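Working notes, structure below.
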Amino acid sequence: MNEQINVRLPRRLLTEARSYAKKHRYGTVQELMKETLREKVIEPDLTVKELSIIKKLIDQADKNNSWVSQKEVFAALK
């Protein structure tokens, strides 16, 4: 079940959030906020380097039609 909350933001922050949401094709500022919260609260923190390695592994797997195991992904991140 979803619950609704109210959030007060400084005008400038809301203006910037609206601009960011529009630029990055979020339907609403609320969608941006939900995704941001998910990334911070639920998903693990990954460094830019780790994300780059994961992207390379995915690209390589797509190209070669050979997917790697979770164990291999984490080994590559070390």
field: Residue within region 22-45 that is exposed (fewer than 10 other Cβ atoms within 10 Å of the Cβ) and of a type in the set (Val, Ile, Thr) present
entry: yes
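For the chain, which fully contained helices (runs of 4 or more DSSP H) count at least 3 residues that are out of contact with any strand residue (DSSP E or B) (no Cβ under 6 Å at 6 or more places or on another chain), of a type in the set (Lys, Arg) and at pLDDT below 90? Walk me through it before giving the result.
Working: elements: 11-23, 29-37, 48-64, 70-77.
It comes to 48-64.
The values are calculated or read from the model by the stated rules, or taken from the named source; none is laboratory data. Bear in mind that the values here come from a model prediction, so they are computed numbers and not experimental data. Note that each Cβ is placed from the backbone with ideal geometry, even for glycine, and that neighbours are counted across all protein chains shown.
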